[in-house]
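The values are calculated or read from the model by the stated rules, or taken from the named source; none is laboratory data. Keep in mind it's a predicted model, so treat the numbers as computed, not measured. Neighbour counts run over all protein chains shown; Cβ positions are idealised from the backbone, glycine included.
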Amino acid sequence: MPAGDLPVLIVGDVHGAFERLFAALKPYPADRWRTVFLGDLVDYGMFGVGCLRFARDRSNTDVLLGNHEAAMLWALRDSTRIGFWMSIGGQRHDLDELRSDEPLQRWLRGLPSLIRLPDRTLLQHCGNDGYLSLISLPESDPVKAINERVRDLLETGGEDQLWDVLSGPNVFATQPERLERWLELTGSRRVVFGHTPHRGAAPMRYHGGKAINFDGGLSRSHRLHQRGAPAQASVGPLPD
Ligand SMILES: [Mn+2]
């Protein structure tokens, strides 16, 4: 079955929690779901690059760029950034793994930052409209233009700018007018994101489900993540 006909499975921030990820995906076989990772597979937990390779190789799967992937690529290119990257949970052995795996580097530098599904759900890393700072409006297809700009930045040493954009706080929860404008500009009916742990037992819905946060703190290695948060807070089907 083509991926477009499959139900959509969303995976929030994994942060190196390979074993918890594997357990959370058990009810969702790769051949029966279109899986989308919302970014931040690396850092804090011990198996970030393992999670990247697993997500890359899983069938019917897309992976979005998170701020932690941008920071890791920044550290890879510029060794003066390694200290900063380790201060945000970077694992030295992961950087060594990535350095020795050029196909993985190329794959990472080609990741999209936005995906718009056929049902007009927009998927992105953080709950923020700061992606607009990457393009000039008006723009006939902002989603496509932003993804093209992100790819340019990843190929031309612009990781610092991506770090800023992808680290944006969750403004959609509290600023419905910004949410509405973002949905209108991108031709979307709702937005699904991660990045900011929500501490709920299920993905957190705001404004009648027009914005949904799937960062439920899957990785127990992240100091901000709730201990014992259920995997269902981060991994589950996209609601109807
Ligand atoms: Mn993040």
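Quick check on residue 148: is it surrounded by fewer than 23 Cβ atoms within 10 Å (Cβ to Cβ), at pLDDT 95 or above and over 28 Å from residue 85 (Cβ atoms)? When the stated conditions are applied, residue 148 does not pass them. Out of 58, 32, which single residue is closer than 20 Å to residue 215 by Cβ, touching a residue at least 12 places away in the same chain (Cβ under 8 Å) and either surrounded by fewer than 23 Cβ atoms within 10 Å (Cβ to Cβ) or within 14 Å of the ligand (Cβ to nearest atom) (or both)? Exactly one residue qualifies, and that residue is 58.
Against the criterion of being over 17 Å from the mean Cα position of the chain (by Cα), farther than 29 Å from residue 6 by Cα, among the aliphatic types (A, V, I, L, M) and modelled with pLDDT of 95 or more, residue 88 does not qualify. Taken over the stretch 166-196, residues that are of a type outside the set (Gly, Ala, Ser) and away from the ligand (no atom under 16 Å from the Cβ) amount to 15. Of all the numbered requirements in (1) within 16 Å of the ligand (Cβ to nearest atom); (2) surrounded by fewer than 16 Cβ atoms within 10 Å (Cβ to Cβ), residue 240 misses one, and that requirement is (1).
One line per residue, one yes/no per condition, for (1) assigned to a loop (DSSP other than H, G, I, E, B); (2) not hydroxyl-bearing (Ser, Thr, Tyr):
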site	(1), (2)
182	no, yes
196	yes, no
201	yes, yes
205	no, yes
208	no, yes
212	no, yes
216	yes, yes
219	yes, no
229	yes, yes
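Among the residues here, residue 6 does not qualify as closer than 17 Å to residue 214 by Cβ and not small (Gly, Ala, Ser). Scanning the stretch 67-85 for residues that are away from the ligand (no atom under 16 Å from the Cβ) and under 21 Å from residue 223 (Cα atoms) turns up 82, 83.
Considering (1) of a type in the set (A, V, I, L, M, F, W, C); (2) at pLDDT below 95; (3) buried (at least 22 other Cβ atoms within 10 Å of the Cβ), the lone condition that residue 137 does not fulfil carries the number (3).
Among what's in the stretch 178-209 and is in contact with a His (Cβ under 9 Å, 6 or more places away or on another chain) and of a type in the set (A, V, I, L, M, F, W, C), pick the residue that is surrounded by the most Cβ atoms within 10 Å (Cβ to Cβ). Here the answer is 193. Residues in the stretch 184-194 that are not in a loop (DSSP other than H, G, I, E, B) and not acidic (Asp, Glu): 185, 186, 190, 191, 192, 193, 194. Looking across the stretch 93-108, the residues that are surrounded by fewer than 14 Cβ atoms within 10 Å (Cβ to Cβ) and either part of a helix (DSSP H, G or I) or touching a residue at least 24 places away in the same chain (Cβ under 8 Å) (or both) come down to 93, 96, 99, 102, 103, 106. Every condition in (1) outside any loop (DSSP other than H, G, I, E, B); (2) more than 16 Å from the ligand (Cβ to nearest atom); (3) over 27 Å from residue 25 (Cα atoms) is met by residue 163 except one, and the failing one is (2). Among the residues of this structure, residue 171 does not count as one that is surrounded by 16 or more Cβ atoms within 10 Å (Cβ to Cβ) and closer than 15 Å to residue 65 by Cα. More than 30 Å from residue 7 (Cβ to Cβ), without any contact (Cβ under 8 Å) to a residue 60 or more places away in the chain and surrounded by fewer than 16 Cβ atoms within 10 Å (Cβ to Cβ): does that describe residue 79? Judged against the criteria, residue 79 is a match.
Of the numbered conditions (1) touching a strand residue (DSSP E or B) at 6+ places or on another chain (Cβ under 6 Å); (2) within 15 Å of the ligand (Cβ to nearest atom), residue 40 satisfies every one except a single condition; which is it? If we test residue 40 against (1) touching a strand residue (DSSP E or B) at 6+ places or on another chain (Cβ under 6 Å); (2) within 15 Å of the ligand (Cβ to nearest atom), just (1) comes out false.
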